[in-house]
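Just so it is clear, none of the values below were taken in a lab; they were calculated from the coordinates. No experiment lies behind these values; they were computed from the predicted model shown. Virtual Cβ from ideal backbone geometry, glycine too; neighbours counted across all protein chains shown.
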Amino acid sequence: MIVMKFGGSSVRNSQMIRRVIDIAVTRLENAPVLVSSAMGKTTDTLVLVASCAQGGDRDAAFALIEKLEATHYSAARELLADSAGLEHALNRHFEELRGLTQGIFLIRECSPRSSDALLSFGERLSTLIITAAAREQGIDAELIDARTLIRTDALFGSAGPEMDRTTRNVREQIRARRDHLYVTQGFIGSTEDGVTTTLGRGGSDYSATIIGAALEAEAVEIWTDVNGIMTSDPRIIPKARTIPTISYDEAAELAYFGARVVHPYTILPAIRRAIPVWVRNTAEPLARGTCIQARAEGSGVRAIASKSGVTLITIQSSRMLNAYGFLRALFAVFDTHRVSVDLVATSEVSVSMTVDRDVDLSPVVRDLSPLGEVSVEREKSIICMVGRNVFRRADLLARIFAAVDPSPVRMISLGSSDINLTLLVAESDTVRVLRSLHDLLFDS
Ligand code: ADP
Ligand code: ASP
Ligand code: MG
């Protein structure tokens, strides 16, 4: 079996949905499961709907929903000769979405649980259209609600899958059938009590490998808007090149440190069963793309990722001198507030850590204060170079730092696994540093 995931830009309008179905047709003999994101920027719009409703601006929220209706109905009409049945189904969903939005407006509150219910509409709407459009092309397509497949914990907003139960669900409902197309939603799942959850933004990639692992699929394909994983984000570095093969751990590092092309957790389910994960371009289906697999060919630096909007927290304390238990107390604070730390550097009298910008730091800073003097520096960027066994070479390190100059480097981390070299720079230096590192590492 094969799992094919299509991202938002791959299903953004009727023409793209036609392409997606053409690609799915070429895989029918592999018993495909098609996992889809919401159309285009639907999820972003739904986030706005929630914040308008919560903020008391009912009209703005409903105007946004009308815009969504227009895109979905026009895709339905363009794809189906007779779209009455599909429009009826879409309409039922939009009524429910309006009801939920009205509820959020009335109580002026959008809990993570309500937010997940609201965001789930994007994928639920897109898959209705895709399934109907595939049937229109004579394909034996069947829509399965991902909430009956992916069982998660109740951490709304970034729920984690419960793999045993999910595997059972998937195997009960999805059987290898040639010439049959299963369609399901990425991004969403449900708790034991059937409450809708989401896996976090960009989580449809993760859905695809969760389902792929449950089915022990021969491959998972992530279809997106670029020719695979590239040496850097092509939006920032237009001359970035496709990497033909990359290992699971290299891809995971890149994803974690900002290469949005795959969600950071995507690789985990695939590793366990050694399933190859392909990243391919919906607009150029003949291009080979990238294969993420256990072992990759080639060596040297693979790629450079960047992640802006990073905040640096430093704690200075003489209590660290010759003491144990200090780091445990410090990380317990992050644990309590469920704040995840990316980079860490320590000296005998200070510890520096990075976290994402959107984290509410005030409770963290409050609880850290008894441990030492806390300072917070915002607007930093992580620049992460990934490659195997290369960063111990002094000549390369010297050239890397020469290329970064004159941008000051605020923090450095060279992983013990020697797979990445990570620098923290000012956010305003991101593009300059990326360009000169890309020139150095891939053009010379
Ligand atoms: P989708 O909607 O298909 O999930 P995303 O927007 O989430 O697509 O991811 C694709 C985008 O990831 C690309 O358009 C590109 O700008 C960005 N990207 C960041 N880093 C990389 C990289 N190293 N290689 C390829 N794309 C990258
Ligand atoms: N639609 C969701 C998002 O935009 C999930 C995804 O596309 O992967 O975050
Ligand atoms: Mg994505």
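Rounded, prolate or oblate: which fits region 394-434, taking a ≥ b ≥ c as square roots of the Cα gyration tensor eigenvalues, rounded meaning a/c under 1.5, else prolate when a/b beats b/c? Write down the numbers at each step before the final one.
Numbers: a/c = 2.29, a/b = 1.43, b/c = 1.61.
Cα axes put region 394-434 in the oblate bin.
This ranking places Arg392, Arg171 by how few other beta-carbon atoms lie within 10 Å of each, fewest first, which gives Arg392, Arg171.
Full extension of the segment from Asn389 to Arg168, taken as 0.36 nm per residue of separation minus the current Cα-Cα distance, would add 75.6 nm.
Here the Karplus relation 6.51 cos²θ - 1.76 cosθ + 1.60, evaluated at θ = phi - 60°, turns the backbone of region 71-84 into coupling constants of 5, 6, 5, 5, 4, 4, 5, 6, 8, 10, 5, 10, 9, 4 Hz, with x for every Gly and Pro.
Taken one residue at a time, the phi angles of region 284-294 give Karplus couplings (6.51, -1.76, 1.60, θ = phi - 60°) of 9, x, 8, 5, 6, x, 10, 10, 8, 8, 4 Hz. Gly and Pro are set to x. Its relative contact order, with pairs defined as Cα atoms under 8 Å and 6+ residues apart, puts region 307-416 at 38 percent. Counted by neighbouring Cβ atoms within 10 Å, the residues Trp223, Trp278 run from fewest to most as Trp278, Trp223. Computed on the chain, with alpha-carbon pairs under 8 angstrom and 6+ residues apart, the relative contact order is 13 percent. Close amide-amide hydrogen proximity is noted between Met411 and Leu424, each under 5 Å apart and 5 or more residues distant or on a separate chain (H modeled in the peptide plane; Pro and chain starts excluded).
Hey, how much of the P(r) for region 334-401 falls beyond 14 Å, as a percent of Cα pairs? That tail contains 70 percent of the Cα-Cα pairs.
Largest GNM mean-square fluctuation among Phe121, Phe331, Phe401, using the chain with Cα springs under 10 Å: Phe331. Cβ-to-Cβ counts within 10 Å put Phe6, Phe334 in ascending order as Phe334, Phe6, the fewest first.
Ranked by the mean number of other Cβ atoms within 10 Å of their residues, highest first, the peptides 339-345, 43-49 fall in the order 43-49, 339-345. When you count the other C-beta atoms within 10 angstrom of each residue and take the mean per peptide, 350-360, 192-202 line up highest first as 192-202, 350-360. Kirkwood radius, the chain, all distinct C-alpha pairs, inverse of mean reciprocal distance: 23.3 Å.
Along region 95-108 the Karplus relation, 6.51 cos²θ - 1.76 cosθ + 1.60 evaluated at θ = phi - 60°, assigns HN-Hα couplings of 4, 5, 4, 5, x, 5, 5, 4, x, 5, 4, 5, 9, 6 Hz to successive residues, with x for each Gly and Pro.
The calculated 222 nm mean residue ellipticity attributable to helices in the chain amounts to -13000 deg cm²/dmol, summing -39500 (n - 2.57) over DSSP H runs of n ≥ 4 and dividing by all residues.
Anisotropy class assigned to region 225-293 is oblate, per the alpha carbon gyration tensor with a/c at or over the 1.5 cut-off and a/b no larger than b/c. Straight Cα distances below 21 angstrom link Lys239 to the lysines Lys307, with same-chain residues fewer than 8 positions distant left out.
Seen against the Cα atoms of the chain and their longest principal axis, helix 112-136 is set at about 50 degrees.
Based on Cα contacts under 8 Å between residues 6+ apart, region 202-267 shows a relative contact order of 39 percent.
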